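Just so it is clear, none of the values below were taken in a lab; they were calculated from the coordinates. The model shown is predicted, which means the values in this text are computed figures rather than measured ones. Positions of Cβ are backbone-derived with ideal geometry, glycine not excepted, and every protein chain shown enters the neighbour counts.
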Amino acid sequence: MIQDQELAKVVIAKRVALELKDGDIVNLGIGIPTLVANYLPPKVEIFLQSENGILGMGPAPMKGYEHPNLTNAGGSPITFLPGACAFDSSVSFGLIRGGHVDATVLGALQVDEEGHLANWMIPGKMVPGMGGAMDLVTGAKKVIVAMQHVAKGNAPKVIKKCTLPLTSVRRVDLIVTDMAVIEVTEKGLLLKEVAPQTTVEEVVKFTEASLIIPDNVPVMPITL
Amino acid sequence: MKNKVITVEQAIEMIPDGATLMIGGFLGDGTPELLVDGLVRSGKKNFTIIANDTAFPDKGIGKLIVNKLVKKVIVSHIGTNPETQKQMIEGTLEVELVPQGTLAEKVRAGGFGLGGILTPTGVGTVVENGKQKITIDGKEYLVEPALKADFALIKAQKADYYGNLFFNFTARNFNPLMAFAGKVTIVQVEELLPVGGLSPNEIHTPHAVVDYIVRGNAK
């Protein structure tokens, strides 16, 4: 398994980036998902949507060029790309809930065997609120979880059944971690790929959920 | 035609203790800071706030929380303001969390004369607790009642003297929705133009829903 935490994040971002197709409308969550935009394959151009009312978000501006009315859903300064549009929250969630967003990439606290995701609260400990996550998971065409495979103390995050409050009953489509790519299928969680420097045995050891493991599990097609 | 332009002090004077306030903005972007600061100075309290979030301790709605002027918030997110969570745990602040898209539509419904909306968001989660469910074409929806407020405090970049509004970039967010849903809607504008100074095509919100205009921009 990959020990370097920064490299682990890059592995996740690079692998998620391969899931995005030219022309996709994509919503990236805060944290690791945000990194995905840095690793898009050549000739893949996507349109980044943000809950606060923008389609066509560009990278952070140069220092000194920030505008107080140009921010992302985390409140950080952004830029507009040519062709970008701004709109109100109703339109923003019309895009999200209405099935007009091709892919949403989110972090998770837990994902379970049924593909259910919990990512918005730990009762009694951390209650940030769901923000736009429930609408995104309910409405986006494809839901990709991008997260580190285990929590602090190596506690598995891909588990049998979520114990934390669910974000949605809609199943996620794909789980990409620093150890594996796991597809949520009708039959269960299918181990599709392992990360570089990672074995199937390690994935199994750090996953509580049952995995369907094919005879041949390829390594993620990314370069480190 | 009455003149809608008033001072911050005149605006705050209208707002009583315990009022329900919708306040525009997304993590402070698009929040009428002059009106928020006016509320803080007034010492009025026990407000119920409907907003996207509680921003940061030193920004936007966060300042109302830090100064303990709020008894309840109806918001989608409190993660950027530790004070909100602290008061919630202490039991001095009631927090009702609503999915962001649902919140936007509840506010829109309130201003648009609808009783509420049907949404699939939240079905099968703790959000559905205590709510009516309706099945249409085999798919379940939550009934989410509309929201209204005594006052909507919003922010626009430009207005004319009638109160036609233009919002700037991502500062639009909840503002045009809340403009309709306040019994009294007060807008803070950076730039006040003569009537006719905005093209009919660029007006985001018609003057019919704007009651008062406060001019200025927080530093």
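Each principal axis of the Cα cloud of chain B was evaluated for its coordinate range; sorted largest first, these ranges are 52, 43, 28 Å.
Per-residue Karplus couplings for segment B:62-70, computed as 6.51 cos²θ - 1.76 cosθ + 1.60 with θ equal to phi - 60°, are listed in order as x, 5, 5, 5, 4, 7, 6, 9, 10 Hz, Gly and Pro entered as x.
Dividing the summed -39500 (n - 2.57) terms of all DSSP H runs of n ≥ 4 by the residue count of the protein assembly as shown sets its mean residue ellipticity at 222 nm at -5500 deg cm²/dmol. The phi-based Karplus calculation (6.51 cos²θ - 1.76 cosθ + 1.60; θ = phi - 60°) puts the 3J(HN,Hα) values of segment A:143-153 at 10, 10, 8, 10, 7, 6, 5, 10, 8, 4, x Hz, whole numbers, x for Gly and Pro. Over chain A, Cα pairs under 8 Å with separation of 6+ residues give a relative contact order of 19 percent.
Charges were assigned to the Cβ only: +1 to each Lys and Arg, -1 to each Asp and Glu. The resulting dipole of the protein assembly as shown about its Cα centre is roughly 760 debye.
Among the trypsin sites (Lys or Arg not before Pro) within segment A:1-104, those in coil by DSSP and having at most 16 neighbouring Cβ atoms inside 10 Å are A:21, A:43, A:63. Relative contact order of chain B, taken over Cα pairs closer than 8 Å and 6 or more residues apart, is 23 percent. Nearest 10 degrees, 0 to 90: what angle lies between the long axis of helix B:100-111 and the longest principal axis of chain B (Cα atoms)? With both axes taken from Cα atoms, the answer is about 60 degrees. Name the shape class, rounded, prolate or oblate, that the alpha-carbon gyration tensor gives for segment B:60-163, where a ≥ b ≥ c are the square roots of its eigenvalues, rounded holds for a/c under 1.5, and otherwise prolate holds if a/b is larger than b/c and oblate otherwise. It comes out oblate by the Cα gyration axes. Partner shielding of A:119-129 amounts to 4, given as the average count of beta-carbon atoms from other chains within 10 Å of each residue beta-carbon. Less than 5 angstrom separates the built amide H of residue B:78 from those of A:129, all sequence-distant by 5 or more or on a different chain. Within segment A:17-84, the GluC sites (Glu not before Pro) that combine a DSSP coil assignment with at most 12 other C-beta atoms in a 10 angstrom radius are A:45. Calculate how steeply helix B:33-42 sits against the longest principal axis of the alpha-carbon atoms of chain B, using the helix alpha-carbon long axis, and give the answer as 0 to 90 degrees to the nearest 10. In chain B, helix B:33-42 runs at an angle near 90 degrees to the longest axis. Cβ crowding within 10 Å ranks A:89, A:210 as A:210, A:89, fewest other Cβ atoms first. If you run the Gaussian network model on chain B, springs between alpha carbon atoms under 10 Å, then out of B:125, B:170, B:92 the most flexible one is B:125. About the centre of its Cα atoms, segment A:162-224 shows a dipole size close to 220 debye [charges on the beta carbon of Lys, Arg (+1) and Asp, Glu (-1) only; nearest 20 debye].
Note on B:116-126: average number of Cβ atoms from other chains within 10 Å of each residue's Cβ is 6. Note on segment A:60-89 and segment B:110-164: Cα centroid distance 26 Å, given to the nearest whole angstrom. Distance between the C-alpha centres of segment A:164-193 and segment A:5-47: 17 Å, rounded to the whole angstrom. The calculated P(r) of segment A:35-171, using every Cα pair and 5 Å bins from 0, goes 2, 9, 16, 19, 19, 15, 11, 6, 2, 0 in percent. Kirkwood radius, the protein assembly as shown, all distinct C-alpha pairs, inverse of mean reciprocal distance: 22.8 Å. Partners of residue A:157 within straight-line reach, counting lysines whose Cα lies under 16 Å from its Cα and excluding those fewer than 8 residues away in the same chain: A:9, A:205. Among B:212, B:161, the order by Cβ neighbours within 10 angstrom, fewest to most, reads B:161, B:212. Amide H contacts of residue B:26 (H built 1.01 Å from N, in plane; Pro and chain starts excluded): B:31 sit under 5 Å, all sequence-distant by 5 or more or on other chains. Listed values for segment B:201-206 are Karplus-derived 3J(HN,Hα) couplings in whole Hz (6.51 cos²θ - 1.76 cosθ + 1.60, θ = phi - 60°), namely 6, 9, 7, 7, 10, x, and x replaces Gly and Pro.
Taken residue by residue and averaged, Cβ atoms of other chains lying within 10 Å of the Cβ of B:167-180 number 6. Put in line by how crowded their Cβ is, counting other Cβ atoms within 10 Å and starting with the fewest, A:147, A:134 read A:147, A:134.
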